[in-house]
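The values are calculated or read from the model by the stated rules, or taken from the named source; none is laboratory data. Remember, predicted model here, so these are calculated numbers, not experimental data. So basically every Cβ, Gly included, is an ideal-geometry build from the backbone, and we count neighbours across all protein chains shown.
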Amino acid sequence: MCDITTVLSVDLLAQVLDWLHDSRDLKSCRLVSRAFLQAERMHRRAIRPLRLGPLPVLLRRYVGSLQSLDLSSCPSLDDSALSLSIPCPNNLRSVSLSRATGVTWRGLEVLVSVCPKIEAIDISHCVGFGDREAAAVAKACWLKELRIDKCLNVTDVGLAKVAVGCSRLEKLGIKWCFEISDIGIDLLVKKCLELRELDISYLKVGNESLRSIASLPKLEDLALVGCEYLDDEGLYFLSNGNCSLQSIDVSRCENVTSVGLTTLAEGQQRLRKINAGNCSPVLTSTFVSKLCTLGDTLIILKLDKLQLSASALEIVGKNCRNLFEIGLSKCNGVNDEGISWLVEGCTHLSTIDLTCCLLVTDKSLLSIAACCRGVKCLWLESCVLISEKGLDQIATCCTDLKEIDLTDCNVNDNALKCLSRCSELLVLKIGLCSGVSDIGLSFIGTNCSKLLELDLYRCTAITDDGLAAISNGCKRLKKLNLCYCNQISDTGLSHLQLEELSDLELRGMVRITSSGITAMAVGCRSLTQLDLKRCYSIDDAGMWALAQYTENLRQLTISYCTVTGLGLCHILGSLRCLQDVKMVHLSWVSIEGFELALRASCGKLKKVKLLGKLQDVLSPELLQTLQARGCRIRWVNKPLVFKG
Amino acid sequence: MDQKKRSSFTYPPRNNSPQESFNPNYDCPQFNSQNRTESPYPYDTPSQFFNSQSREWDPHALLLNLSFLEQKIHQTQNIVREMIRTNEGQNCNISELTAQRQLLTTDLTSTIIQLISTAGSFLPTIRTSLLSGNAPITQLGSSIPSASSGLSPSAYQPNPSPDYEELTKGWGENGVESADQIQIEDLDVKEGEDVGQDGDTLPIGSYEVLQLEKEEILAPHTHFCTICGKGFKRDANLRMHMRGHGDEYKSPAALAKPAREPGSQPMPVKRYSCPFVGCKRNKEHKNFQPLKTLLCVKNHYKRSHCEKSYTCSRCNTKKFSVIADLKTHEKHCGRDKWLCSCGTTFSRKDKLFGHVALFQGHTPALPSDEVKGKNEEINDKDDSGGVGYNDGDEYLDMKGGYFSPMVNFDSFSFEGLDEFSRTTFDPTETSFSFLRSGSPDFARKDPGN
């Protein structure tokens, strides 16, 4: 038998592999022959293991070429596991330990010491991390990229450690590090002059920070989301600073008004992206009129929840001709006239967000279809006045449409029939559209085979047949929302044979039972997230099936299910990837059941939601162990109410 | 108030009656005795008279002055006679004797001064030579305490400083008046923080140098009850205490603060020497830097020459000899200590971060990081005085306790302080106009005496 590698050298094979992005395709490729496996081994730069067990083997296999390691989805990762699994001579440049709540500063110190070339570290959402962890990370002196978002205990001292230790930092995210103040930011700016991207969203810092930040010579991208203490004065500093910003996000800054935005637009002439959503909604027109100074450079503009008149949109349309994305969500004044002015000028628009623009009618859709043929994403949630007429025009003209959100738009089967002409459609959201029935879904199932995400939330007219049509047509679905579609029964679920489905929401589907879940689990083995809240008929049998077939399940909601202690123990003990379980109001589970189940899963869980009453009856030692392993427990005090 | 003014500042009749010459403002035991023949009568009125006349020479005034001097010499003669009489009686104690000597000396001094001033108003050309002669006269006064070392400071109360001051002012308005202002600042406690530091450019010899003994500096109480001997920090407390000893101490006049006559004049410039030989603050030192106020003396002596007996209860390492220093330290000691990796500590985070920003490689230390080198002792705070005395308590203590033994002989030191300083600092009014408006009555009345 001829060895294929004589024809297809490893170099060529590597080039082929460059074009393969899907993990399944790569897996198939690995399985061809030893030579293919070897090529894949040499080619691979990044891995993202789902479990800790195979990690040492994987790392040994890829040690030479591997540059990026993502451990964010590994459960029960702690210091010893981390230090044991990383081989000593390695070329790792980037490590992600996001949500690795079991790791402490000791593990981080080991990581930094064994990875001398490390350039990027992500420890975001490790909520217990503080200055000591930041100090451990700060020993990586070649670090260029660091994310410590939501490390809640990091203070100015920790930031100072990082600033002094990692002076080559180019990207830094300190979102939600509430303890950091102006003093820390000031020191950071003095020490890290290479910073290009900075995210200080939701920090309680004031204008003084912006005065410091404005002196960063290389800063391009600045995110200031929800900084409530910033106001126009801070933006004035930015507009007069050394930095040449390309992107700024001041959304949700309550005290930023159009005055500040205007000065910013005047001072920073190279701005490409502006997000001013949810700012103080006064004097918007002056700001918009100043946008003409930015003119052609601007490509993304988000003005959510601002008061925009038709004339303001006309100015945008006339001046920002290269606009690629516009966000007008919840802008009260937006109407058909404004949209037509806008799209007439901005013909390159690819993403248009008109969420909750209640005045928008079919006329807007017609003008969009006429002017912006390249539209890929269209967000029309709650635009109640649109109908199949407008959507028909969109589907006809904008053949490249990939995402459309029609939640709560009262569309019907005819609209879906029109939309099904967009064969490139990836995301379709038609939640709360009670007019959609199986007929409409069958159009989608027949034509939109590339669909990745489908939202049918409360589409109560859908029955098993509709679901069957979808399952048969859209084999690549990754995300499916069937919440409260209460006509669907086990028969419908048994049609779900979607190999790639990872996210499934079945909340409030009162007719499904464990047999349906079993059939679904057999068909959808890649599930990582499953919501079974208020599926009152699901019992231990369903848990057994999930434990057996959906090995990768990471997030599970089984509140209100009739699961007993046995089923709970089994599923929590068996699923090796499980990290987040919501189990409120499991009336059939005894205290001992909870106790045992939690013990069985101890070390893996990062988030648990339990009934508040259990707080006092569960053994304190167990709760302490859980918390020591980095598990956050949310106690819920909701009354037990059955809804159907 | 009016009543009191009259009693203390009307020219006292020379009839040697203790009853009449008794000044209620004196709370010093020495002067309450029966043997005291002379009250330290204020010389204000004649001197004011001189001064008001000093610009234009008036023969009537000269005559008036001379007759006043004559009276005064008679009066001094009386004192001497009294002394001889008591000596013969053998029933005097030493302190009384010294007090009398004291009185005599001051009387003579003032007589000399007045004689000179009279001559000065008559012969304006001798001004300069007189001014240079000021210092020895001052020194004369300062030599008194050393002569009567066993005595409490109040022994030389009768030093008639106000009129002396007034006299010198009359001649050398420029030099001496500015010195007055500095002194007034000293009395003002809030401004006392930087005393001794603020470019105290008084030429040597232009001020009096006083030196207290160690025991006096460290004495916890400075006011003693003449009846039972109980000590107090504050004069006001003593007055309250005195009520218990009889109804005569309950009169409003006895309970009131020792008042200062608004027309009275500031004391001569005083500076203090530390009794510790070899100290830069000791007058024997070749680069002697005098201390400005009594509080400075007290704090300097405690900080520099005493054991540090107050230990911080938080860190158990820092020791202080002045309790207010301890209090100041305790405010910053402990949890909010900001530490750099180099071992330097800061009381404030922004200071630490400023330091870190300045030096390459320094980082803020985490709470449990090893401290490599601790800067154990901060250098002693400035010797010169009440650093950090913003405490209300200290303020009171200082007012009542530290000053009154020295100055309450003039009885004006605190009561009249406010109006006094107001008048003196008022740039629009010269001291002359202040005098004229204050005391024409006295000037007219005096010759009658």
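One table, with the values for the structure above:
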quantity	calculated
Residue ID - surrounded by the fewest Cβ atoms within 10 Å (Cβ to Cβ), chosen from residues in segment A:428-468 that are in a loop (DSSP other than H, G, I, E, B) and among the hydroxyl-bearing types (S, T, Y)	A:S434
Residues being touching a Phe, Trp or Tyr at 6+ places or on another chain (Cβ under 7 Å) and within 14 Å of another protein chain (Cβ to nearest Cβ) - total across segment A:164-185	1
Members of segment B:307-344 that are within 14 Å of chain A (Cβ to nearest Cβ) and touching a helix residue (DSSP H, G or I) at 6+ places or on another chain (Cβ under 9 Å)	B:D336, B:W338, B:L339, B:C340, B:S341, B:C342
Residues located in segment A:121-163, provided they are crowded, with 24+ Cβ neighbours inside 10 Å, closer than 20 Å to A:V205 by Cβ and within 14 Å of another protein chain (Cβ to nearest Cβ)	A:F129, A:D131, A:A134, A:V154, A:D156, A:V157, A:G158, A:L159, A:A160, A:K161, A:V162, A:A163
Options A:S442, A:S471, A:S502, A:S434; residue that is over 22 Å from the mean Cα position of the chain (by Cα) and farther than 20 Å from A:E388 by Cβ	A:S471
Tally of residues being under 20 Å from A:E133 (Cβ atoms) and more than 9 Å from every other protein chain (Cβ to nearest Cβ) across segment B:345-367	0
One residue from A:R576, A:R554 being of a type in the set (D, E, K, R), in contact with a strand residue (DSSP E or B) (Cβ under 7 Å, 6 or more places away or on another chain) and more than 24 Å from A:G612 (Cβ to Cβ)	A:R554
Residues satisfying the stated conditions in segment A:209-218, i.e. within 14 Å of chain B (Cβ to nearest Cβ) and surrounded by fewer than 18 Cβ atoms within 10 Å (Cβ to Cβ)	A:S215
Residue tally, condition surrounded by 18 or more Cβ atoms within 10 Å (Cβ to Cβ) and more than 19 Å from A:D249 (Cα to Cα), over segment A:311-332	6
Any chance A:C126 is in contact with a Cys (Cβ under 6 Å, 6 or more places away or on another chain) and either under 21 Å from A:L82 (Cα atoms) or of a type in the set (S, T, Y) (or both)	yes
Qualifying positions in segment A:202-230 - in contact with a helix residue (DSSP H, G or I) (Cβ under 9 Å, 6 or more places away or on another chain) and acidic (D, E)	A:E208
Check on A:D221, touching a Ser or Thr at 6+ places or on another chain (Cβ under 9 Å) and within 14 Å of chain B (Cβ to nearest Cβ)	no
Residue within segment A:419-427 that is among the polar types (S, T, N, Q), assigned to a loop (DSSP other than H, G, I, E, B), in contact (Cβ under 8 Å) with a residue 12 or more places away in the chain and surrounded by 19 or more Cβ atoms within 10 Å (Cβ to Cβ) present	yes
Helices (runs of 4 or more DSSP H) contained entirely in segment A:557-644, each with at least 3 residues that are under 26 Å from A:A81 (Cβ atoms)	A:565-574, A:591-601, A:620-628
Considering residues of segment A:277-290 that are hydrophobic (A, V, I, L, M, F, W, C) and modelled with pLDDT under 80 only, the residue surrounded by the fewest Cβ atoms within 10 Å (Cβ to Cβ)	A:V282
Of the criteria (1) in contact with a Phe, Trp or Tyr (Cβ under 9 Å, 6 or more places away or on another chain); (2) over 30 Å from A:S124 (Cβ atoms); (3) of a type in the set (D, E, K, R), which one A:R44 fails	(2)
Selected residue (criterion: surrounded by the most Cβ atoms within 10 Å (Cβ to Cβ)) from residues of segment B:314-359 that are polar (S, T, N, Q) and touching a Leu at 6+ places or on another chain (Cβ under 9 Å)	B:T344
Listing of strands (runs of 3 or more DSSP E) fully contained in segment A:322-418 that carry 1 or more residues being touching a residue at least 24 places away in the same chain (Cβ under 8 Å) and among the small types (G, A, S)	A:325-327
Residue that is nearest to the other protein chains (Cβ to nearest Cβ) [pool: residues in segment A:186-201 that are under 19 Å from B:C340 (Cα atoms) and basic (K, R)]	A:K190
Condition broken by A:K363, with the remaining ones in (1) over 20 Å from A:L454 (Cβ atoms); (2) buried (at least 19 other Cβ atoms within 10 Å of the Cβ) satisfied	(2)
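Per-residue answers, yes or no, for (1) among the β-branched types (V, I, T); (2) at pLDDT 95 or above; (3) farther than 23 Å from A:I386 by Cα:
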site	(1), (2), (3)
A:T297	yes, no, yes
A:L301	no, no, yes
A:S309	no, no, no
A:E314	no, no, no
A:W341	no, no, no
A:C372	no, no, no
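Conditions tested, residue by residue: (1) in contact with a Gly (Cβ under 6 Å, 6 or more places away or on another chain); (2) surrounded by fewer than 20 Cβ atoms within 10 Å (Cβ to Cβ).
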position	(1), (2)
A:L578	no, no
A:V581	no, no
A:S587	no, yes
A:T625	no, yes
A:R629	yes, yes
